[in-house]
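Engineer: Dumping the structure here so I can ask a few things about it.
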Amino acid sequence: MSGGVTVEPAAGRRPALRLARGAALCSLAWMLAMVPLPSLAGAPETDCDIDRGACTRPLADTGITAAFELLPRPVQVMRNLSCRVVLQRGGVPVTDRAVRVRFTMPGMYMAENAVALRHAGGGRYEGTAVIVRCPTGSNLWRADVRVRSPSDPIGRWSGVSYTFRLN
Ligand SMILES: [Cu+2]
């Protein structure tokens, strides 16, 4: 995994939010009309309730579903977490992939935090991760799961992301 600074697509949300707030303060309705509505709703949305169980989503262009989970629950910062990804295709375990998970914060650069998972049997890949405490107090995180097939001639990684809050 590369160690460089990567700006994720969601990084643009925060400036949009600031713009939305500024516009609201100015009470200029015409300015509000230029701001995309989702920005006005407040904090960026989550798509995974990490304290409820595994979050399952399709991997792009593979026919594989990836179920992502952190244990123990409730998930807390600054402790060893078991990081699990279960891969299946049509209900059949996918057992031969390289799997990596990278933790980022939407709209913020945090220190690189990535872990390579090992296949533990039955399509379940496991590793240990620590999520740090954010100095700003934000608790919004994103796990980028990347999966590569050993038979892919050019070593492409397929990806899926899960955005969640730690309570
Ligand atoms: Cu942060």
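Read-outs: derived from the displayed coordinates by stated rules, not from any lab. Owing to the predicted nature of the structure, the values given are computational and were not obtained by experimental measurement. Positions of Cβ are backbone-derived with ideal geometry, glycine not excepted, and every protein chain shown enters the neighbour counts.
Engineer: Mind giving me the nanometre distance, one decimal, between the label points for ALA120 and VAL77, set 7 Å out from Cα along Cα→Cβ?
Structural biologist: Between ALA120 and VAL77, the label points sit 2.5 nm apart.
Engineer: Quick one: if you take sqrt(5λ) for each eigenvalue of the C-alpha gyration tensor of segment 91-137, what semi-axes come out, biggest first, whole angstrom?
Structural biologist: In descending order, the three semi-axes are 28, 10, 9 Å.
Engineer: How many nm is it between the label spots at CYS134 and ASP152, if each spot is 7 Å from the Cα in line with the beta carbon?
Structural biologist: Using points 7 Å along Cα→Cβ, the separation is 2.8 nm.
Engineer: Starting from the eigenvalues of the Cα gyration tensor, five times each then square-rooted, give me the equivalent ellipsoid semi-axes of segment 57-167, largest first, whole Å.
Structural biologist: Semi-axis lengths for segment 57-167 are 25, 15, 12 Å.
Engineer: Read phi for every residue in segment 131-145 and hand back ³J(HN,Hα) as whole Hz from Karplus 6.51 cos²θ - 1.76 cosθ + 1.60, θ = phi - 60°, with x for Gly and Pro.
Structural biologist: For segment 131-145, the Karplus-derived couplings read 9, 7, 7, 7, x, 7, x, 5, 10, 8, 10, 10, 9, 9, 9 Hz, x marking Gly and Pro.
Engineer: Separate question: Using Cα pairs closer than 8 Å and at least 6 residues apart in sequence, work out the relative contact order for segment 45-165, in percent.
Structural biologist: 28
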